[in-house]
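The values are calculated or read from the model by the stated rules, or taken from the named source; none is laboratory data. None of the values given here were measured: they were computed from a predicted structure. With ideal geometry, Cβ positions are generated from the backbone for all residues, glycine too; neighbour counts draw on all protein chains shown. These area figures cover heavy atoms from the full protein model, side chains too; ligands, DNA and RNA do not enter into them. Shrake-Rupley method; radii C 1.70, N 1.55, O 1.52, S 1.80 Å.
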Amino acid sequence: IEVFRETTSTNDIIEKLARDGVKEGVVVFAESQTKGRGRLGRRWISPRGQGLWFSILLRPELRPTEATQLTILAATALAEAIRRHTGLAPEVKWPNDLLLRGRKVAGILTELTAEPDRIRHIVLGIGLDVNQAAADFPTDLRRTATSLRVEAGRPFNRAELAAAILRALDQDYARLKDGQFEQIAGEWEELCTTLGRQVVVAIGSRRIRGRAESLDSEGALLVRTEHGHLERITGGDVTLEK
């Protein structure tokens, strides 16, 4: 485990370590990030000392089409660790957001380097808003973002919470390597607010509308379109329709 006072992005540091041949399992935390990022190039606000911003290097024996399994695993483990440590009950919005009362409290960014038939390494980045007060969020995020402190009404020890999260991730990663993804996916489905809902999936300029039905064996989201076709979604931006 390495801790930096400040960096551009913990994913950037892990990516460099991966290319240098470092073994899986190394974790990098930063007290703040100047260029923290989420999916689709979005900015992730990472204020000093208020959250957990960290990345993990993994080298799973998976095909590139199975990479979504790591995002599913991370969301499930993160939600369980938060529940045990804080008493709060996060929900998951496919593929990478954790929500409390409909507001985003954590995000997961999975970046991979792969050959056609195998993953070389995965950088698993996690951002969790822990001790921000409501006024600490930028004005444009106050309706959509929250923190554990806001939801629980009290601050939390970030080191203890980080240890709980890493233990949960380690346990579920061992389960994944032991062939137990179906069980993990079942736990994820119980937490997921996306399944059973009408969704719009934006993939570039394409828009897919339909009902989110389930995950497949590789972790992709299966969406039944209004024309009855079952679409397999491995990426894109998902919006829940009211």
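Scan the range 65-95 for residues that are out of contact with any Ser or Thr (no Cβ under 9 Å at 6 or more places or on another chain) and farther than 12 Å from residue 220 by Cα and report the count.
So the answer is 17.
Looking at the range 186-207 only, could you name the residues that are farther than 22 Å from residue 89 by Cα and open to solvent by less than 10 Å² (accessible area, probe 1.4 Å)? If you could, list the steps in order and put the result at the bottom.
Here is the first cut: in the range 186-207, the ones farther than 22 Å from residue 89 by Cα are 198-207.
Passing the criteria: 199, 201.
Residues to consider are 129, 117; find the one that is within 30 Å of residue 241 (Cα to Cα), of a type in the set (Asp, Glu) and touching a residue at least 12 places away in the same chain (Cβ under 8 Å). Even if it seems obvious, please write down each step before you answer.
Details: 117 fails: within 30 Å of residue 241 (Cα to Cα).
Sole residue among the options that is within 30 Å of residue 241 (Cα to Cα), of a type in the set (Asp, Glu) and touching a residue at least 12 places away in the same chain (Cβ under 8 Å): 129.
Between a residue in the range 214-242 that is closer than 22 Å to residue 190 by Cβ and without any contact (Cβ under 8 Å) to a residue 60 or more places away in the chain and any residue that is assigned to a loop (DSSP other than H, G, I, E, B) and acidic (Asp, Glu), which pairs come within a Cβ distance under 9 Å, given they are 6 or more apart or on different chains?
Qualifying pairs under 9 Å: 222/216; 232/216; 232/218.
Take the range 1-34 and flag every residue that is among the acidic types (Asp, Glu) and either in contact with a Gly (Cβ under 6 Å, 6 or more places away or on another chain) or outside any loop (DSSP other than H, G, I, E, B) (or both). Spell out how you get there, then give the answer.
Start the filter on the range 1-34 by keeping residues that are among the acidic types (Asp, Glu), which leaves 2, 6, 12, 15, 20, 24, 31.
Passing the criteria: 2, 12, 15, 31.
Quick one: residue 212 ticks every box in (1) at positive phi; (2) among the small types (Gly, Ala, Ser); (3) in a strand (DSSP E or B) except a single one, so which number is it?
With respect to (1) at positive phi; (2) among the small types (Gly, Ala, Ser); (3) in a strand (DSSP E or B), residue 212 is out only on (1).
Sort out which residues of the range 170-215 are closer than 20 Å to residue 122 by Cβ and in contact with a strand residue (DSSP E or B) (Cβ under 8 Å, 6 or more places away or on another chain), and write them in order of number.
173, 185, 188, 215
Here is a list of conditions, (1) modelled with pLDDT of 90 or more; (2) open to solvent by 20 Å² or more (accessible area, probe 1.4 Å); (3) farther than 20 Å from residue 59 by Cβ; (4) out of contact with any helix residue (DSSP H, G or I) (no Cβ under 8 Å at 6 or more places or on another chain), and residue 183 meets all of them except one; can you say which number that is?
Among (1) modelled with pLDDT of 90 or more; (2) open to solvent by 20 Å² or more (accessible area, probe 1.4 Å); (3) farther than 20 Å from residue 59 by Cβ; (4) out of contact with any helix residue (DSSP H, G or I) (no Cβ under 8 Å at 6 or more places or on another chain), residue 183 violates only (4).
Looking only at the range 151-163, which residues are under 17 Å from residue 75 (Cα atoms) and open to solvent by 20 Å² or more (accessible area, probe 1.4 Å)? Before the answer, list the steps.
Quick first cut of the range 151-163, residues under 17 Å from residue 75 (Cα atoms) only: 161-163.
The answer is 163, and nothing else.
Taking strands (runs of 3 or more DSSP E) that do not extend beyond the range 46-150, which have at least 3 residues that are buried (at least 20 other Cβ atoms within 10 Å of the Cβ) and at pLDDT below 95? Steps first, answer last, please.
Details: elements: 51-58, 91-93, 97-100, 103-115, 118-129.
Because the criterion is at least 3 residues that are buried (at least 20 other Cβ atoms within 10 Å of the Cβ) and at pLDDT below 95, the strands (runs of 3 or more DSSP E) in the range 46-150 that meet it are 103-115.
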